[in-house]
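Asks: Pasting in a structure now, in structure tokens, and then I'll have a few things to ask.
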Amino acid sequence: MTFGAPASRAGSGPAPRRARRGIAARVAEGAVIAAAYAALTVYLAPVSYGPYQLRFSEILKPLVIWEPHLIPAFVIGNFLGNLTSPFVGPWELVWMPFANLVGGWAAWRLGRVNAYLGATAYAVVIAAAVTVMLSVILHASMRVLFPPLLISEVSLIVLGVPVMQPVHAALRRVIKAPERPA
């Protein structure tokens, strides 16, 4: 502690600036991921929507296993991507973003044990949520809708684990996490 300096500021040095830079980097990273998810979803329509959807943007989702601060990015990205859905409405704009919140959290928690387990959990949550949504909207059987949706989600999200591992490593090199005080 230095004499004459207020107790609350003593020893604080550059740490607050470093912390702000870390927060700004995380917000920017989340914005880029949300935009990439939404852009891929919209650009690859119509296969991004419907009972046999193949949403290639799902391959990004394993990033939440290593970076839980990106969970809101997928909630926002899903909301934005669903704005152009033929089923746009409360199901797509409230239910599915909520499912992404739950799925992202489950992926992060289980992904700490095994990345593939976390990715599979995310896929099951999303496939189940899309099944419920489409069964209500289309008055279709859940037994008919669930299997192809589950195959699509598991294929893309689980495949995303080995694809996103080097992406995650590259992001960590570019956006260095702020140093933690000892």
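The values are calculated or read from the model by the stated rules, or taken from the named source; none is laboratory data. Everything numeric in this text was worked out from a predicted model, so none of it was measured. Every residue, glycine as well, gets a Cβ built from its backbone with ideal geometry; the counts of neighbours run over all protein chains shown.
Asks: Quick one: is Pro72 of a type outside the set (A, V, I, L, M), surrounded by fewer than 20 Cβ atoms within 10 Å (Cβ to Cβ) and not in a loop (DSSP other than H, G, I, E, B)? Please lay out each step first, then the result.
Replies: On the way: of a type outside the set (A, V, I, L, M): yes; surrounded by fewer than 20 Cβ atoms within 10 Å (Cβ to Cβ): yes; not in a loop (DSSP other than H, G, I, E, B): yes.
In short, yes.
Asks: Quick check: anything in the range 114-121 part of a loop (DSSP other than H, G, I, E, B) and without any contact (Cβ under 8 Å) to a residue 40 or more places away in the chain?
Replies: Looking through the range 114-121, at least one residue is part of a loop (DSSP other than H, G, I, E, B) and without any contact (Cβ under 8 Å) to a residue 40 or more places away in the chain.
Asks: Select from the range 93-113 the residues that are among the small types (Gly, Ala, Ser), without any contact (Cβ under 8 Å) to a residue 24 or more places away in the chain and either more than 16 Å from His69 (Cα to Cα) or out of contact with any helix residue (DSSP H, G or I) (no Cβ under 6 Å at 6 or more places or on another chain) (or both) and list them in ascending order.
Replies: Across the range 93-113, there are no qualifying residues.
Asks: State whether the residues of the range 132-150 include one that is charged (D, E, K, R), buried (at least 19 other Cβ atoms within 10 Å of the Cβ) and farther than 25 Å from Ala25 by Cβ.
Replies: No, that holds for no residue.
Asks: Against the condition free of Cβ contacts under 8 Å to residues at least 40 places away in the same chain, of a type in the set (A, V, I, L, M), buried (at least 16 other Cβ atoms within 10 Å of the Cβ) and in contact with a Phe, Trp or Tyr (Cβ under 8 Å, 6 or more places away or on another chain), how does Ile65 come out, does it pass? Don't jump to the end; show me each part of the working.
Replies: Values: free of Cβ contacts under 8 Å to residues at least 40 places away in the same chain: no; of a type in the set (A, V, I, L, M): yes; buried (at least 16 other Cβ atoms within 10 Å of the Cβ): yes; in contact with a Phe, Trp or Tyr (Cβ under 8 Å, 6 or more places away or on another chain): yes.
It is false that Ile65 is free of Cβ contacts under 8 Å to residues at least 40 places away in the same chain, of a type in the set (A, V, I, L, M), buried (at least 16 other Cβ atoms within 10 Å of the Cβ) and in contact with a Phe, Trp or Tyr (Cβ under 8 Å, 6 or more places away or on another chain).
Asks: Would you say Thr84 is surrounded by 14 or more Cβ atoms within 10 Å (Cβ to Cβ), within 14 Å of Tyr37 (Cβ to Cβ) and among the β-branched types (Val, Ile, Thr)?
Replies: It is true that Thr84 is surrounded by 14 or more Cβ atoms within 10 Å (Cβ to Cβ), within 14 Å of Tyr37 (Cβ to Cβ) and among the β-branched types (Val, Ile, Thr).
Here's the yes/no breakdown for (1) of a type outside the set (Val, Ile, Thr); (2) under 19 Å from Leu150 (Cβ atoms); (3) more than 14 Å from the chain's Cα centre (by Cα); (4) modelled with pLDDT under 90:
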residue: Arg20; (1), (2), (3), (4): yes, no, yes, yes
residue: Ala25; (1), (2), (3), (4): yes, no, yes, yes
residue: Ala38; (1), (2), (3), (4): yes, no, no, no
residue: Leu44; (1), (2), (3), (4): yes, no, yes, no
residue: Glu58; (1), (2), (3), (4): yes, yes, no, no
residue: Lys61; (1), (2), (3), (4): yes, yes, no, no
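Asks: While we're looking at this one, here's another question. Looking only at the range 91-113, decide whether some residue is outside any helix (DSSP H, G or I) and of a type in the set (A, V, I, L, M).
Replies: Scanning the range 91-113 turns up at least one residue that is outside any helix (DSSP H, G or I) and of a type in the set (A, V, I, L, M).
Asks: Spot the failing condition for Tyr122; the list is (1) of a type in the set (Ser, Thr, Tyr); (2) crowded, with 21+ Cβ neighbours inside 10 Å; (3) farther than 23 Å from Gly30 by Cα, and only one is missed.
Replies: (3)
Asks: Continuing with the same structure: Output the number of residues of the range 163-182 satisfying the condition of being within 20 Å of the chain's Cα centre (by Cα) and surrounded by 12 or more Cβ atoms within 10 Å (Cβ to Cβ).
Replies: 8
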